[in-house]
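The structure appears right after this line, and notes come after that.
The values are calculated or read from the model by the stated rules, or taken from the named source; none is laboratory data. This one's a predicted model, so the numbers in the text were calculated from it and none came from an experiment. Every residue, glycine as well, gets a Cβ built from its backbone with ideal geometry; the counts of neighbours run over all protein chains shown. We work out accessible area using only protein heavy atoms, side chains counted, and drop any ligands, DNA or RNA first. Shrake-Rupley method; radii C 1.70, N 1.55, O 1.52, S 1.80 Å.
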Amino acid sequence: MHELSIVKHVIKTLREVVEENHVRRIGSVTLEVGEVSGVVIEQLADCWNYFREKDELVKGAPLYVETIEAVTFCTSCEKTYETVKFGKTCPYCGSAETYLLTGNEFSIKQIEAETDDSVEP
Amino acid sequence: MKVIELKMTVTDSNDRDAQALRRELTERGIFLINLMSAPGSGKTTLLSRTITDLAGKVKIGVMEADIASDVDARRISELGAESIQVHTDGMCHMDAGMTRTGLENMENSGDRIVFLENVGNLICPAEFDTGAHKNVMILSVPEGDDKPLKYPLMFSKSDVLIITKSDAAPYFDFDFEAVESRVRKLNPSILIFPVSAKTGDGMEAWEDYILSEWEKRHA
Ligand SMILES: Nc1nc2c(ncn2[C@@H]2O[C@H](COP(=O)(O)OP(=O)(O)O)[C@@H](O)[C@H]2O)c(=O)[nH]1
Ligand SMILES: [Mg+2]
Ligand SMILES: [Zn+2]
């Protein structure tokens, strides 16, 4: 459900990018997704494959996903640790007063595109 | 084929739509308040009580967002306030585009407060700006005092935190001070109102806040 919304928003954003950059065709799309962003990558790929058939803009374009490691900061002892391994409880001091530094990202990193001004060999 | 570097979040385009909508609403005299919480926290109950208490003081409209049902919109219209139901068709949050469409289906008389009851969910609504002037989140006592640690983004994006079902506090180990200190670490300027929509306890402070924000906009 969440993944469906995300793919719809990605495509909407791409539509604007395409207009601004005079893109004729999108060759591929690369996303950056944090490990604990809550996005299920397999499900994202399913939604993408569904839209890729239906939507001319991204017809046939593969989706690449780069994951970003999740790191949590402990406000009690001021150390950082791997979120996926230890969760919300600091492995050094046992405090639960911690917050996520990285790992919640979700962005469109880049696209490959054929533009109007590009001279094809 | 060339590579175009974007580094855009999926919410960039929505953020632009939301800014535009917010400006338009301000011009039309509409004060839009976005209410967010987990399912069952008490959004509709709080709204019902607020509408009843503010009757005669300011005109109120309500937009109920739901994935598919319209139970909440019926509850609100029984109170005599204008209410419309927006179906998100499987989407787990409202975005600025959906909010705009919903508002177009409401009476077009300007000058009033519109409450948007967002889809019950603490993750996605925090990421998608609806174009509202104020974001209000509701945490209910039975959900526990560790919610700010679990859903930091929602707490950091909200202007107001309402802690509702305070009448249930004797039955749960809910530490109001712990919540406050956790929330303030994430968001030092957030306003916190403990209330019970059942007994009415604390409702006046919240309603005074709404009225004063309303008057600021319509002086
Ligand atoms: N004890 C108590 N129950 C409440 C309060 N507010 C809401 N409830 C109950 O919580 C349940 C869910 O409320 P509702 O307003 O439908 O939640 P929503 O899903 O966030 O709109 C209902 O059974 C309400 O009667 C309150 O202040 N105190
Ligand atoms: Mg409701
Ligand atoms: Zn620690």
### Query
Suppose every K and R has +1 on its Cβ and every D and E has -1 on its Cβ; what is the size of the dipole of chain B about the Cα centre, in Debye to the nearest 20?
420
### Message
With 27 Å as the cut-off, how large is the P(r) tail for the stretch B:1-145, expressed as percent of Cα-Cα pairs?
### Response
21
### Query
Of all the stretches in chain A, which is the longest one without any exposed loop site, taking trypsin sites (Lys or Arg not before Pro) in a DSSP loop (any state but H, G, I, E, B) with at most 15 other Cβ atoms within 10 Å?
A:1-58
### Query
Nearest 100 Å², what total accessible surface is buried between chain A and chain B (probe 1.4 Å)?
2800
### Query
Once the piece of chain linking B:Asp173 and B:Leu79 is laid out straight, how much longer is it, given 0.36 nm per residue of separation minus the C-alpha distance between them?
30.4 nm
### Task
Give me the percent of the accessible area of the protein assembly as shown that comes from carbon and sulfur atoms, probe 1.4 Å, all protein chains in place.
50
### Message
Tell me which trypsin sites (Lys or Arg not before Pro) from the stretch B:1-102 have a DSSP coil assignment and no more than 15 other beta carbons within 10 Å of their own.
### Response
B:Lys57
### Query
Pairing the Cα long axis of helix A:2-21 with the longest principal axis of chain A, what angle in degrees results, from 0 to 90 and rounded to the nearest 10?
50
### Query
So which GluC sites (Glu not before Pro) in the stretch B:78-181 are both in a DSSP loop and have at most 16 other Cβ atoms within 10 Å of their Cβ?
B:Glu78, B:Glu107
### Task
Quote the charge dipole size of the stretch B:93-219 about the Cα centre in Debye, to the nearest 20; the model charges only the Cβ of Lys and Arg (+1) and of Asp and Glu (-1).
320
### Query
Just counting partner chain Cβ atoms within 10 Å, what average do the residues of peptide B:6-19 show around their Cβ?
5
### Message
For a quick check: with amide H placed at 1.01 Å from N, whose amide H comes under 5 Å from A:Thr115's, ignoring anything fewer than 5 positions away on the same chain?
### Response
A:Arg24, B:Lys2
### Query
For the Cα atoms of chain A, what angle does the longest principal axis make with the long axis of helix A:41-54, in degrees from 0 to 90, nearest 10?
10
### Query
At a Förster radius of 25 Å, what calculated FRET efficiency corresponds to the Cβ-Cβ distance of B:Asn105 and B:Ala205, to the nearest 0.05?
0.15
### Summary
With a Förster distance of 22 angstrom and the Cβ-Cβ distance between A:Thr102 and B:Glu5, calculated FRET efficiency to the nearest 0.05 equals 0.65
### Query
Which FRET efficiency value, to the nearest 0.05, do you get for B:Ser212 and B:Glu27 by plugging their Cβ-Cβ distance into 1/(1 + (r/R0)^6) with R0 = 30 Å?
0.90
## Note on the structure
The farthest towards the positive end of the charge dipole of the stretch B:1-144, of the residues B:His93, B:Ile123, B:Ile30, given +1 on Cβ of Lys and Arg and -1 on Cβ of Asp and Glu, is B:Ile30
### Task
Calculate, in nm to one decimal, what B:Gln19 and B:Ser189 gain on full extension: separation in residues at 0.36 nm each, minus their alpha carbon distance.
59.1 nm
